[in-house]
């Protein structure tokens, strides 16, 4: 494949990238592997032990965007982030459903990107704003789980914390034991 064709393939690959919330411990407890800068995944710090990785859903599974992909396409990390957030927002707008269980709401999309929806500001400011009064208490214990309640709901906060502990006992693709506050816009 010539350089122009390789660049096009890489650009097409990157155009399908989706923002993917991960724990800072991206190795997931496995032995750390030493990767070159080019072969390491592109990561963006979120804070509180969280990072954004970028993945493309391929037939063999989720494939991480690596720094070499950016170099091959002539793209920078900020461009990738904007595009991947837009792709996540599109996925969310097409497939998201919200279910209420007592004082807690579960947010569902496809089994891989539920927790990643935590990254979408428009979700909290627009789509879910009518479900809380004060603001949100959010849990993202694993990649396929995002739940929230009104931050003023003691019952909801307790239920979120119990759910996080249950998930962390036997779950996979774990992200965080923390709960996070998101203020409702004025």
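Table for the structure above
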read-out	value
Relative contact order (%) - the stretch 89-186, alpha-carbon pairs under 8 angstrom, separation at least six	29 percent
Surface/4 estimate of mean projected area, convex hull on alpha-carbon atoms of the chain, nm²	11.7 nm²
Cα-Cα separations in the stretch 96-183 greater than 14 Å, expressed as whole percent	59 percent
Label-to-label distance, nm, for residues given as residue 177 and residue 101 (7 Å Cα→Cβ offset)	2.1 nm
Protection proxy ranking of 72-81, 145-154 - average other beta-carbon atoms within 10 Å, highest first	145-154, 72-81
Residue 37-residue 155 pseudo-label distance in nm [points 7 Å out on the Cα-to-Cβ vector]	5.5 nm
Residue among 17, 38, 159 with the largest mean-square fluctuation in a Gaussian network model of the chain, springs linking Cα atoms under 10 Å	38
The chain: angle of helix 3-15 to the longest principal axis, Cα-based, in degrees nearest 10	0 degrees
Pair residue 82, residue 57: separation of 7 Å Cα→Cβ label points (nm)	2.5 nm
Gained length - residue 11 relative to residue 45, 0.36 nm times residue gap less alpha-carbon distance	9.9 nm
Full-stretch length increase - residue 93, residue 129 - with 0.36 nm per residue and alpha-carbon distance subtracted	11.5 nm
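Taken together, the values in this text are just the output of simple stated rules run on the coordinates, not laboratory data. Please read these numbers as outputs of a predicted model, since none were measured by experiment. FYI the Cβ positions are ideal-geometry reconstructions off the backbone, even for glycines, and counts take in every protein chain you see.
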